[in-house]
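Heads up: the structure comes next, in structure tokens.
Please treat every number below as a calculation from the coordinates, not as lab data. Computed from a predicted model, the values in this text were never measured in an experiment. Reconstructed Cβ throughout: ideal geometry from the backbone, glycine too, with neighbour counts over all protein chains shown.
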Amino acid sequence: MRTRKLAALTLPLLLVVPGTAADPKLKQEAIAAVEKRATDLVGLSDKIWGFAETALRESRSSALLADYAEQQGFRVTRGVAGM
């Protein structure tokens, strides 16, 4: 189960990082970055699943993800397009 969750978290990362899918070294670095944060990411996933918010009304889920992204050093703009 843990492997499936990590794969689900890693795949989107590989799709948004240009050239990652074609470069085995970058792919391994991306996988390592996700695995390093596996406990946090699986915990986030479980919390979001538990919220069971309907489409386009994910206020708690989006806040949780935005908070985590900020903790990881990302700059987050909230409330884009009134959402």
Long-range HN-HN contacts of GLU58 with modeled amide H, under 5 Å
none
Separation in nanometres of the label points that stand 7 Å from Cα toward Cβ, at TRP49 and VAL76
2.1
At a Cα cut-off below 20 Å, give the aspartates and glutamates reachable from LYS47, other chains included and same-chain residues fewer than 8 away excluded.
GLU35, GLU58, ASP67, GLU70
Where Lys and Arg each count +1 and Asp and Glu each count -1, what net charge lies around SER62 among other residues with Cβ under 10 Å from its Cβ?
0
Hey, what do the phi angles of the range 39-52 turn into as Karplus ³J(HN,Hα) couplings, whole Hz, using 6.51/-1.76/1.60 and θ = phi - 60°, x for Gly and Pro?
4, 4, 5, 5, x, 4, 4, 5, 5, 4, 4, x, 5, 6
Multiplying the sequence separation of ASP23 and ALA66 by 0.36 nm and subtracting their Cα-Cα distance, what value in nm do you get?
12.6 nm
